[in-house]
Amino acid sequence: DMRGQKASDFGLPNGTRVKDDIAIRWADAQNYYRIYKQRAAVLRQTDPGTTLTRNNWMVPLLGLFGFEIESQSGLSINNQTYAISHRASNRANTPIYIIGANDPAGLDRKPANATRRMSAHAILQEYLNLSESLYGIVTNGRVLRVLRDSSRLVKQSYLEFDLERIFEDGLYADFAILYRLVHATRFPLRSDATAECLLERYHQDSLAAGARIRDGLAKAVEGAIVGFGNGFLQHPHNTVLQQQIDDGTLTPAQYYHLLLRLIYRLLFLMVIEERNLLFPRAATPADGTRISRHRDIYT
């Protein structure tokens, strides 16, 4: 139901359904991945697989999403060269940095041999912060990240898709989300129209939604403090608590902090539960492991 999710928004011909196009792209992407994995299996152990990852996997995959990818030797700005390997010529030259799937540094570490002065992620982020490009893509074929120009220098901020898991486990629903969010039509068409692109609209919508959630959370926490606090004090079995309040052993400020700790522990539990982070996905009661037994008790 979000804006930008109609067939015409993806540049599809009249009469084509988005779901049908996703199914076609899924089948093609699976074929690309199968061939890529077959060729990757015979790579030398020391080969990062950069050329294979680029030419036989990521460039074809992004092509399925409507990108016209062109290779480049790098991008320069302020007398500094950034080894960003590709750009999307049909999307305001959106920078796309593809490294090898077997690169031991991955996306977040600087290579030990100093072929890059920073991690792949940091290189693209710094370029976005200094250039007119608002969005970019960095990937090693295993995961794909969409980065945005950001003033946050300490904590990384990005949208990530686990490509390896999507294709190894056949997660069609996850692929559909990838298609709907990373399709070329989501990115700026021109450098002077970045604010109009769908990714930026989604970004601004998320900021507005976050503000509403924060406002609502503050009111909810306030209500929870009053509800829990009065409830504990009024319960007939809480005589010890009532006595501590009466004789001043537990001050109002101390009681308030105890209530806050309880409420935020509950919030933390609810968040990690909703994200399936309490237990490993693979753990089942049939495993006979301590973790699976604990999960069985919990559920």
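The values are calculated or read from the model by the stated rules, or taken from the named source; none is laboratory data. Every value quoted in this text rests on a predicted model; they were computed, and no experiment measured them. Positions of Cβ are backbone-derived with ideal geometry, glycine not excepted, and every protein chain shown enters the neighbour counts. The protein model used for the area step is the full one, side chains on, heavy atoms only, and it has no ligands, DNA or RNA in it. Shrake-Rupley method; radii C 1.70, N 1.55, O 1.52, S 1.80 Å.
Taking Lys155 as the anchor, which lysines have their alpha carbon closer than 24 Å to its alpha carbon, excluding any fewer than eight residues away along the same chain?
Straight-distance partners of Lys155: Lys110.
Per the helix-only calculation at 222 nm, which mean residue ellipticity applies to the chain, given -39500 (n - 2.57) for every DSSP H run of n ≥ 4 and division by its residues, nearest 500 deg cm²/dmol?
-15000 deg cm²/dmol
Could you pull the accessible area for Ser131 with a 1.4 Å probe, rounded to 10 Å²?
That residue has around 20 Å² of solvent-accessible surface.
Amide H neighbours of Ile77 under 5 Å, at least 5 residues apart or on other chains, H built in the peptide plane: list them.
Here Tyr82 satisfy the definition.
Collect residues whose amide H, placed 1.01 Å from N in the peptide plane, falls under 5 Å from the amide H of Thr94; neighbours closer than 5 in sequence don't count.
Residues meeting the criterion, in which the H sits 1.01 Å from N, are Ala88.
With label points built 7 Å along Cα→Cβ from the Cα atoms of Asp247 and Asp192, find their separation and express it in nm.
7.9 nm
Springs between alpha-carbon pairs under 10 angstrom, Gaussian network model over the chain: which of Gln72, Gln45, Gln254 fluctuates most?
Judging by the Gaussian network model, the answer is Gln254.
If a/c stays under 1.5 just call it rounded; otherwise compare a/b with b/c (prolate if a/b is bigger, oblate if not). Do that for segment 34-100, with a ≥ b ≥ c from the square roots of the Cα gyration tensor eigenvalues.
Numbers: a/c = 4.45, a/b = 1.44, b/c = 3.09.
Since a/c reaches 1.5 but b/c is at least a/b, the shape of segment 34-100 is classed as oblate.
What lysines does Lys6 reach when the alpha-carbon gap must be under 25 Å and sequence neighbours fewer than 8 apart in one chain are set aside?
Counting by Cα, and skipping residues close in sequence, Lys6 has these lysines nearby: Lys19.
Among all helices in the chain defined by DSSP H, which have a length of 30 Å or more along the axis from Cα atoms plus a Kyte-Doolittle mean of at least 0.0?
Values: long enough: 18-40 (32 Å, -0.97); 198-234 (52 Å, 0.09); 252-274 (33 Å, 0.79).
Taking the DSSP H segments of the chain (at least 30 Å long, mean hydropathy at least 0.0), we get 198-234, 252-274.
How large is Rg/Rh for the chain, to two decimals, with Cα atoms and a Kirkwood Rh?
1.09
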